[in-house]
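For reference, the structure is listed below as structure tokens.
Bear in mind that the values in this text are calculations on the coordinates, not laboratory data. Please read all numbers here as calculations on a predicted model, not as lab measurements. Glycine gets a Cβ as well: all are built from the backbone with ideal geometry, and neighbour counts include every protein chain shown.
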């Protein structure tokens, strides 16, 4: 799972077609996720952020990916739409995760990728209601969670 020792010039330039291709290989319908082919496209100073964490630097990003791989039995991503303007790529997706003792859980979200001038990903921001989507799969808790959210936030 370590990044390949390739120079950014040797990589194909990221665009919507290549991102769709790479991400579809990253998340397998069966078996553990494998990001090894996509790591060379991340800049050493990558800043990754989602609803639960902010990670700076390639080594920390790789560590996060290893943790997710250990936890998931399988993980699949379906990209619904993808667009690019200049150095920003946006995509909407559904990611379905299966953990050892829990049923498969779909998470609905979107990702913003910002490309460095050398073409590699310098920023990745994932937007998803991770807890809401997970809690939707838990009988009885779903109703209480949604009632709480409506009462305090909507």
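When the gyration tensor of the stretch 15-86 is built from Cα positions, what are the square roots of 5 times its three eigenvalues, in whole Å, from largest to smallest? Kindly include the intermediate steps, with their values, before the conclusion.
Working: eigenvalues 72, 66, 27 Å².
Those come to 19, 18, 12 Å.
Given just the C-alpha atoms of the stretch 8-129, how large is their convex hull per residue in cubic angstrom?
Values: hull volume 12.1 nm³, N = 122.
Cα convex hull per residue, to the nearest whole number: 99 Å³.
Legend: ranking of residues 123, 56 from fewest to most surrounding C-beta atoms inside 10 Å; resulting order 56, 123.
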